[in-house]
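Presented below is the structure to which this report refers.
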There are 2 protein chains.
Amino acid sequence: MNSESGEFRHRNLPLLLLQAREHVIARFRPILNAHGITEQQWRIVRALLDTGPLEPREIGLLCRISSPSLAGVLSRMEEIGLIKRKRLDHDQRRLHVSLTPRSRALSARMAPQIEATYRDIEALIGAQFSTRFYEALDELIGALQAREPAAIASE
Amino acid sequence: MNSESGEFRHRNLPLLLLQAREHVIARFRPILNAHGITEQQWRIVRALLDTGPLEPREIGLLCRISSPSLAGVLSRMEEIGLIKRKRLDHDQRRLHVSLTPRSRALSARMAPQIEATYRDIEALIGAQFSTRFYEALDELIGALQAREPAAIASE
DNA sequence: CGATATTCACTAATATATTAGTAATATAGT
DNA sequence: ACTATATTACTAATATATTAGTGAATATCG
């Protein structure tokens, strides 16, 4: 009825970012499903591949998964043999999470399809736009995390 | 260990988009919490404000909420008086979802704080960058939905 | 050294997401 | 009319998200 509603002059930015992400990940989802791994699990596997062993706290910050969610996700991943967990000797609170031969083999099998999908996307949007878009995302994230409003853990 | 891992040449684009969205919505979350409304509920209220009454199917496409999730979300929203649901006369399968005086009053109270937050963000990233970033998101979404891979409902 | 505060992974309860499937209604083609 | 198919909102089961809070371990400070 009121397509100008008056109340809001700005477009819904979080929704736009969500929509953009949905359109991108829609192209990867079939690959993840075919290999029986969830989005969160894959995010963690890829982070560990790129960075090496991490602690849950670091995984949460990197992959944007909250501590309570992480507890269940990591527990299930250990159960199906995608990761292993090991207490640190000098600090019994902390934990080391690392990949297993199985998850390394899995990502080796997935890598070609993932990379092909990135090439598809780049073909659609153009290499130049692609580069500038990554830069824009980095700039946005950098600007927003430089001056956080409250105590929102994000670095 | 292996910070070059070799397997992946492209950065994790869905993760970057997720991180960007998290940094943005982190500034709105305190407002939503203060008014006792969840992210999904607010997305729906704002969509209805902008567009007028919608059917669940349309809400799902617009707000990127799946049909099963929507069932629970709408049910809870009706229970607390944020929306009302009404069957269509000429098609008993379909449904009209519309706002209530209560949700209109709520968004009127929230609007100033929401708008102020957008101004804060724009001040941080710059008006020019802001404009170009919105355009880039539109372009990305447009390019990706123009040639969908499979039958992924998205417009 | 000892009391206090902080950090860390985790649990509990509820909300939402995902995948598969269902019943009711509507439409298309015969 | 009639069968087959499509569409719509929904349920069931499991996974993940969110908010609050816990116990164990460590760090900090008096």
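The values are calculated or read from the model by the stated rules, or taken from the named source; none is laboratory data. Quick caveat, the model's predicted, so the values are computed rather than measured. Neighbour counts are summed over all protein chains in view; Cβ atoms, including those assigned to glycine, are modelled from backbone coordinates with ideal geometry.
What the table below lists for this structure:
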read-out	value
Residue match in the range A:22-33 (condition: more than 9 Å from every other protein chain (Cβ to nearest Cβ), closer than 30 Å to B:Leu144 by Cβ, surrounded by fewer than 20 Cβ atoms within 10 Å (Cβ to Cβ) and within 14 Å of the chain's Cα centre (by Cα))	yes
Test for A:Thr131: is it among the β-branched types (Val, Ile, Thr), at negative phi, surrounded by 13 or more Cβ atoms within 10 Å (Cβ to Cβ) and more than 16 Å from DNA strand D (Cβ to nearest atom)	no
Scope the range B:95-125; condition out of contact with any helix residue (DSSP H, G or I) (no Cβ under 8 Å at 6 or more places or on another chain) and among the small types (Gly, Ala, Ser); matching residues	B:Ala105, B:Ala108, B:Ala111, B:Ala116, B:Ala123
Criterion violated by A:Leu15 - all others in (1) under 30 Å from B:Ala123 (Cβ atoms); (2) within 15 Å of DNA strand D (Cβ to nearest atom); (3) surrounded by 15 or more Cβ atoms within 10 Å (Cβ to Cβ); (4) under 17 Å from the mean Cα position of the chain (by Cα) satisfied	(4)
Residues (more than 8 Å from DNA strand C (Cβ to nearest atom) and not polar (S, T, N, Q)) located in the range B:33-46	B:Ala34, B:His35, B:Gly36, B:Ile37, B:Trp42, B:Arg43, B:Ile44, B:Val45, B:Arg46
Failed item in (1) modelled with pLDDT of 95 or more; (2) over 17 Å from the mean Cα position of the chain (by Cα); (3) within 16 Å of DNA strand D (Cβ to nearest atom), with A:Leu88 passing the rest	(1)
Residue identified as closer than 18 Å to A:Ile25 by Cα, among the charged types (D, E, K, R) and surrounded by 14 or more Cβ atoms within 10 Å (Cβ to Cβ) among A:Glu78, A:Glu122	A:Glu122
Members of the range A:47-68 found to be assigned to a helix (DSSP H, G or I) and more than 8 Å from DNA strand C (Cβ to nearest atom), listed by number	A:Ala47, A:Leu48, A:Leu49, A:Asp50, A:Thr51, A:Ile59, A:Leu61, A:Leu62, A:Cys63
Qualifying residue in the range B:47-55 (condition: more than 9 Å from chain A (Cβ to nearest Cβ), small (Gly, Ala, Ser) and on the phi < 0 side of the Ramachandran plot)	no
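Results for (1) farther than 16 Å from A:Glu7 by Cα; (2) touching a Phe, Trp or Tyr at 6+ places or on another chain (Cβ under 6 Å); (3) away from chain A (no Cβ under 11 Å), shown as yes or no for each residue.
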site	(1), (2), (3)
B:Ser67	yes, no, yes
B:Arg85	yes, no, yes
B:Arg94	yes, no, yes
B:Arg102	no, no, yes
B:Ala116	no, no, no
